[in-house]
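Colleague: First the structure, then my questions, so here it is.
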Amino acid sequence: MPARLQRFLRARSRRRPRTSEPAIRSSLPAGDLLEAMVRFEDRYGGLTYPVLGGNDMEYGLDGPPSVHVTPLGPAFHGILDGDWTCGLSVLADGRTGMGPGRWPFRVIDRSVDQRLERHALAVEVRGWFHRTFECRTPPLVPPVADESMLPPPAPEATGPAEWWWRSEDVAVQATLSGWPPDRDRWTIRYFARTPRQAAEANPTIYAATAHETVPAVLCTLCRQAVEPGRTCPG
């Protein structure tokens, strides 16, 4: 397990009882999804931790397993996202997805390990100085067009709904915050260790994005309104 993820889980997580393998196997017929459930519960079942809000991320079948159909195939309920206050479906190949309300079903994480890595990275830098932006793109189009303006990519934390770039002193996060049928909405955060470095956020983000990008009027990390161009202290 990578060092950052070890630190994150040791500091913030706890583990509740898991559903036993015999209980899982006795509930469903044999197949790929059943095997995925067994692996998922063995590795992640009962894991609980907070990230941004007051509600925890919760992992596990939490009782008798159940199967449902998604646009991408059969899946099971295995994750409760505390920040979204919404359940995620886990597909047989390990990807996660959801479609809150009338929004289309979307893949959120390419794997649960990637999901854990992005949460660990968010917690690692959330206390840095930061500026927040909002970006709108066509459906399924990522917000960043020119990565040469950003720190090196952080592939371990990057998935379909969240992109990360990280250096020693700067980190950039682009996270999908909404996907109504006609467009995607992204929240982009520029983290820096010092206020002087954070002042580079505006020219850097505007140069890296080719889509409609504006300063956010609300910082969900600080839970307060922000004036355009203002740096939050973390």
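Colleague: Around Thr213, what is the net charge, scoring Lys/Arg as +1 and Asp/Glu as -1 over all other residues with Cβ under 9 Å from its Cβ?
Modeller: Here the count lands on -1.
Colleague: Sticking with this one: Relative contact order of the chain: what whole-number percent is it, with Cα pairs under 8 angstrom and at least 6 residues apart?
Modeller: 15 percent
Colleague: Would you calculate the separation in nanometres between label points at Glu200 and Cys86, each defined as 7 Å from the Cα along the Cα-to-beta-carbon direction?
Modeller: 3.5 nm
Colleague: Rank Thr209, Thr137, Thr220 by mean-square fluctuation in a GNM of the chain with C-alpha springs under 10 angstrom and give only the top-ranked residue.
Modeller: Of Thr209, Thr137, Thr220, the Gaussian network model singles out Thr220 as fluctuating most.
Colleague: Here's a follow-up. Specify the angular offset, from 0 to 90 degrees and rounded to the nearest 10, of the alpha carbon long axis of helix 112-125 from the longest principal axis of the alpha carbons in the chain.
Modeller: 30 degrees
Colleague: Note the per residue figure in Å³ for the convex hull of the C-alpha positions in the chain.
Modeller: Residue-normalised Cα hull volume stands at 123 Å³.
Colleague: In addition: Can you figure out the FRET efficiency of His77 with Ala3, using R₀ = 22 Å and their beta-carbon distance, to the nearest 0.05?
Modeller: 0.10
Colleague: Also, I was wondering about something else. Can you give me the % of accessible surface on segment 31-81 that is carbon or sulfur? Probe 1.4 Å, all protein chains present, nothing else counted.
Modeller: For segment 31-81, the apolar C and S fraction of the accessible surface comes to 54 percent.
Colleague: Quick check: residue separation of Asp113 and Arg10 times 0.36 nm, minus the Cα distance between them. What number comes out in nm? Display every interim value, and only then the final one.
Modeller: Working: separation 103, 0.36 × 103 = 37.08 nm, distance 1.56 nm.
So the chain would gain 35.5 nm between Asp113 and Arg10.
Colleague: Where the only charges are on Cβ atoms (+1 Lys, Arg; -1 Asp, Glu), what is the dipole of the chain about its Cα centre, to the nearest 20 debye?
Modeller: In debye, rounded to 20, the chain gives about 580.
Colleague: What accessible area per residue comes out for segment 99-234, rounded to a whole number of Å², with a 1.4 Å probe?
Modeller: Numbers: 6100 Å² over 136 residues.
With the other protein chains kept in place, segment 99-234 gives 45 Å² per residue.
Colleague: Starting from the Cα-Cα distance between Val141 and Arg230, subtract it from 0.36 nm times their residue separation and give me the gain in nm to one decimal.
Modeller: Full extension from Val141 to Arg230 adds 29.3 nm.
Colleague: At a Förster distance of 41 Å, what's the computed FRET efficiency of Arg39 paired with Ser148, Cβ-Cβ distance as r, to 0.05? Walk me through the numbers before you get to the answer.
Modeller: Numbers: r = 38 Å, r/R0 = 0.94.
Rounded to the nearest 0.05, the efficiency is 0.60.
Colleague: Work out, step by step, the length gained on full extension between Leu218 and Leu52: first 0.36 nm times the residue separation, then minus their alpha carbon distance; give nm to one decimal. Before the final figure, lay out the partial values.
Modeller: On the way: separation 166, 0.36 × 166 = 59.76 nm, distance 1.46 nm.
Stretched out fully, the Leu218 to Leu52 stretch lengthens by 58.3 nm.
Colleague: Roughly how many percent of the accessible protein surface of segment 108-234 is carbon and sulfur, given a 1.4 Å probe and a whole-percent answer? Write down the numbers at each step before the final one.
Modeller: On the way: 3030 of 5490 Å².
Carbon and sulfur atoms account for 55 percent of the accessible area of segment 108-234.
The values are calculated or read from the model by the stated rules, or taken from the named source; none is laboratory data. From a predicted model like this one, the values you see are computed outputs, not experimental measurements. Note that each Cβ is placed from the backbone with ideal geometry, even for glycine, and that neighbours are counted across all protein chains shown. To get the accessible areas, we keep the full protein, side chains included, count just its heavy atoms, and leave off ligands, DNA and RNA. Shrake-Rupley method; radii C 1.70, N 1.55, O 1.52, S 1.80 Å.
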